[in-house]
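One structure below.
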């Protein structure tokens, strides 16, 4: 039966993937939001600074127009008496200091809008500090240059803090989100795991199992409760079906038993009287045929519905094939058909020996029946990448492609085989046994002629080889 | 031999009792589980034939209680239930053999004979003889009139089973169950072909055949 699928790694769970997408989305939003705030704040602050500088320049330009260069120098000096945010530096054509509270001429990086930014040294509380300033340069006639600026160091610091912490913030969000997500999905996974494990055990045949509830009444509990209710229902149905099969079996077998008994009694009486009793013998044979068909139908119904509790155990498939081939070999020889068991590496699967042997016996029986004298029947087990295969190939007439889906149906016998004995249930039983084992029944053309019937068990049914209890001393 | 029949279908019970009596057995019958258990515990029987479904005390319980009381009488279960897993249940409960209804009377009789034979083991045997046919269970060699007979492993098991039940009818189903361990009915009578192969090996060229076909029942190996 189906074993519970292997547990997916936490990174591959749906819960974790959802959490991860949310974390990424959140990190992106935070970055975008903070980035916009940063950009906007900076733009506003810069505009304010530029306004102050513009006003300053307007004042200085007026001074220059009224009083010429000396007036300008005087104004600069008077404005730099007190240490403030405003910075000035007037230099001559050779960049020599003329007036202002800055010296020397700083290393300046120009900007597209005509403003400049630069670093300068200034004494704060007794020690020198490198600070950031923003301003504009004016050309004063006579080769002089006037730098008018504002100390924007505080803004600069805030800005720097912002740009250095942002990546860390995002990283932290990602990290915490991922760890949190992993914990959350592990928790969810544990709940799902319980449900999965219980389902696996139920599929494996223990219908009395139920999914445990956490008692929190959350959506998992609701799911579990629904599953349990469904299982109750299935168990009731299976029990009902089982009871019906049992009563049908009992209620049909009891009168059949009486019928057969009476026929046997009559036969014995007639034989004792020395009367010919061919009619009675034929009636007994017919009864046995009826019983055989009934048994086969019942077995198919039970196997197909899975209501049988047929014991499952690891079994070596090659051994099953060898036993059945051995059972049929004399029959094949009698029909002048060569029955060949292909050698194969041993492989064990979880299955019911009796059912698989019976299915294989039906296939071999059919193959021998439909193969003309001189033909060949080949029994083979093989492990392929699609599963474990048990196949019987014959060199008979085969089954036309169009009839193949039909032949596994109950009582279907193709026109060509109407004359040979059989109930028409052989392949149906094989199909039911395949179904019971989650295996496939494949009907293919054999080369150059004939039919190849294959039971393909899923790879999940493979088991370690059972250790033989006794040596095959016989 | 003394046989207990516990069967609630009175028609089937009458037939069984009559048939067994005609075969020379002494038979007691019961129509329900309680009576059956009382009889089984109060008298010594060689074999008990017990239906699976009985009023008052179920067949499985009946046999389980017999075993709890230390009663080792061989039990043959009769069942009208579907059989895939019920056989296992029956054997687990302490049954020794299991027969599904409807059955042929010869089949039932052969199985009862086999159960009685099993009851009286003649120690551990290392050699089986039927007439001039010898089977050495240790060296796994077969001889007839001193001539070695080559046997395949399965043929050896088949012959061993027949010789262990020498003088008794052995049915095809019994052979399939004991020698091949299959509990299903093969569509074609494959057992017959195995028997004729074995017959060719042990009887061919000898005046008196040992392996006999019992018409409508099965096979028997015997000296005369």
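Between residue A:195 and residue B:212, the C-beta separation translates, for a Förster distance of 41 Å, into a calculated FRET efficiency of about 0.05.
For an R0 of 56 angstrom, estimate the FRET efficiency from the Cβ-Cβ distance between residue B:116 and residue A:336 and round to the nearest 0.05.
Numbers: r = 43 Å, r/R0 = 0.76.
For R0 = 56 Å, the calculated efficiency reads 0.85.
Length gain on complete extension for the stretch residue B:92 to residue B:58, per 0.36 nm per residue less the alpha carbon to alpha carbon distance? If you can, show how the numbers build up before the last one.
Values: separation 34, 0.36 × 34 = 12.24 nm, distance 1.45 nm.
The residue B:92-residue B:58 span can extend by a further 10.8 nm.
The Cα trace of segment B:127-221 gives Rg and Dmax of 12.8, 39 Å, the first to one decimal, the second as a whole number.
Which length gain, in nm to one decimal place, applies between residue A:42 and residue A:161 when the Cα-Cα distance is subtracted from 0.36 nm times their residue separation?
Values: separation 119, 0.36 × 119 = 42.84 nm, distance 1.30 nm.
Extra length from residue A:42 to residue A:161 when fully extended: 41.5 nm.
Here the label points at residue A:176 and residue A:251, each 7 Å from Cα along the C-beta direction, are separated by 7.1 nm in the simple model.
Counted by neighbouring Cβ atoms within 10 Å, the residues A:169, A:384, A:454, A:13 run from fewest to most as A:384, A:169, A:13, A:454. Calculated from the alpha-carbon coordinates, the protein assembly as shown shows an Rg and a Dmax of 47.7, 161 Å respectively. A simple spin-label model places pseudo-atoms 7 Å from Cα toward Cβ; at residue A:78 and residue B:192 they are separated by 13.9 nm.
Fully extending the segment from residue A:92 to residue A:322 would add 71.7 nm, taking 0.36 nm per residue of separation and subtracting the current Cα-Cα distance. A crude spin-label estimate for the pair residue A:24 and residue A:459, with each label 7 Å from Cα along the Cβ direction, gives 3.0 nm.
Based on the alpha-carbon gyration tensor of segment A:219-305, what equivalent-ellipsoid semi-axes (square roots of 5 times the eigenvalues) come out, in whole Å, largest first?
Details: eigenvalues 468, 24, 5 Å².
For segment A:219-305, the semi-axes come out at 48, 11, 5 Å.
Under 16 Å from a label point set 7 Å out along the Cα-to-Cβ vector of residue A:228, the amide N atoms of segment A:171-215 belong to A:191-192, A:194-199, A:202, A:207-215.
Would you compute, from DSSP H runs of 4+ residues alone, the mean residue ellipticity of the protein assembly as shown at 222 nm, taking -39500 (n - 2.57) per run and dividing by the full residue count, rounded to the nearest 500?
Details: 16 runs with 339 residues, N = 698.
Dividing the helical sum by the residues of the protein assembly as shown leaves -17000 deg cm²/dmol.
What whole-number volume per residue, in cubic angstrom, does the convex hull of the C-alpha atoms of segment B:1-113 give? Walk me through the numbers before you get to the answer.
Numbers: hull volume 9.7 nm³, N = 113.
Cα-based convex hull of segment B:1-113, divided per residue, equals 86 Å³.
In percent, what relative contact order does chain B have, based on Cα pairs under 8 Å that are 6 or more apart in sequence?
Values: 333 pairs, mean separation 28.8, N = 224.
Once normalised by length, the contact order is 13 percent.
Normalised by the number of residues in segment B:1-130, the mean separation of alpha-carbon contacts (under 8 Å, six or more apart) gives a relative contact order of 21 percent.
The simple Förster model, with R0 at 30 Å and r as the Cβ-Cβ distance, assigns residue A:401 and residue A:373 a FRET efficiency of 0.70. For chain B, the Stokes-Einstein estimate of translational diffusion at 37 °C and a viscosity of 0.692 mPa s comes to 175 µm²/s, using the Kirkwood hydrodynamic radius over alpha-carbon pairs.
How large is the Rg to Rh ratio of segment A:263-408 when both quantities use alpha carbon positions and Rh follows Kirkwood? Ratio value, two decimals: 1.09.
Here the alpha carbons of segment B:135-189 define both size measures, Rg and Dmax, at 12.7, 39 Å. Segment A:17-162 has equivalent-ellipsoid semi-axes of 39, 16, 13 Å, by the square roots of 5 times the alpha carbon gyration tensor eigenvalues, sorted largest first.
We did not get these values from a lab; they are worked out from the coordinates using the rules stated. What you see is a predicted model, and the numbers here were worked out from it, not measured in a lab. Using ideal geometry, Cβ is built from the backbone for each residue, glycine included, and neighbour counts are taken over all protein chains shown.
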